[in-house]
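A short worksheet on the structure shown next.
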Amino acid sequence: MTGSENEKQGELHSPLVIERDTSVRAFKVARSTIDRLEKRIAVLEAQLAEARCELENLRLKSPVPQPVQLDPQTTALLVLDLTKRCDDPRLPCHKLVPPVAEFTRKVRDAGLFIAYTVIKGQKGRPEAALPQIFDPRPEEPVFYTDSYSKFHGTELHDTLRKRGIKTIILTGSAANFACLYTATDAAQHFGYQVVVPSDGVVSWTEYEHDYSLFQLSVLPGGTSRNFRFTKLALIGFSAS
């Protein structure tokens, strides 16, 4: 082997050449890995877009609030289970008491009949008292029951019927328990028109709140036609 050949052979095995070849191979491997990952990311992004589309299709479509005008002579306000237990800021009903109390004053000024419900198991305990902010009047009855439907085990229906009540404004807690079952009973079994202000009822979660309104809006047998969905500020009163 000539001197020049030995020199070239030495260059091929020099640290710089070996390092260069190693870097080239590493680059090719990295490039191949990146290409595979980019293709995988594209597939995942497509799957994510499809999943989001499916989720949107499954999302509850809560009824759109609409303005309502009600006859004060044939309309009653029900305030369900908003007692002093709601003084506890950890409970979702805590934030509901002030706006419903303000609405109660508006309703009272318009001449509507007002009734309250309290969980029977709490009767006689401090947390069963009505919050002072409601300023309840002697002629505004309180009904005690442990049933989700406040018509069960009470004189609520008889009281409303004797007063010629045809429409109920339903407020209180919780939307997915007392409000849902009382509203269903009122519309299905007793034939009342039921007005549900979305900001007048509350649940632990947004899903439970929205599901309750959605469920009322799709009740079968024509029952859903007895419901109107609104907000507290969209409710007005005018004699028929």
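Read the figures in this text as sums done on the coordinates, not as results from a lab. From a predicted model like this one, the values you see are computed outputs, not experimental measurements. Because the Cβ atoms are built from the backbone with ideal geometry, glycine has one as well, and the counts that use them run over all protein chains shown.
Between Asp88 and Phe190, how high is the FRET efficiency from 1/(1 + (r/R0)^6) when r is the Cβ-Cβ distance and R₀ = 22 Å? Nearest 0.05. So, using R0 = 22 Å, E works out to roughly 0.10. The lysines within cross-link reach of Lys28, meaning a Cα-to-Cα straight distance under 19 Å and a gap of 8 or more places when in the same chain, are Lys39.
Net charge within 12 Å of Val118 by Cβ-Cβ distance, Lys/Arg positive one each and Asp/Glu negative one each, not counting Val118 itself? Result for the local shell: +3. Most fluctuating residue of Ile41, Ile133, Ile119 in a GNM of the chain with Cα springs under 10 Å: which is it? Greatest mean-square fluctuation among the candidates belongs to Ile41.
Applying the criteria of a DSSP loop state and at most 10 other Cβ atoms within 10 Å to the GluC sites (Glu not before Pro) of the stretch 93-193 yields Glu139.
Rounded to the nearest 5, the antiparallel percentage of DSSP beta bridges internal to the chain is 0%. Every helix of 4 or more DSSP H residues in the chain counts as -39500 (n - 2.57), and over all residues that averages to -13000 deg cm²/dmol at 222 nm. Between Ala42 and Glu102, the contour length at 0.36 nm per residue exceeds the alpha carbon distance by 16.2 nm.
What share of the DSSP beta bridges in the stretch 72-170 is antiparallel, in percent to the nearest 5? Walk me through the numbers before you get to the answer.
On the way: 0 of 13 bridges.
Roughly 0 percent of the beta bridges in the stretch 72-170 run antiparallel, per DSSP.
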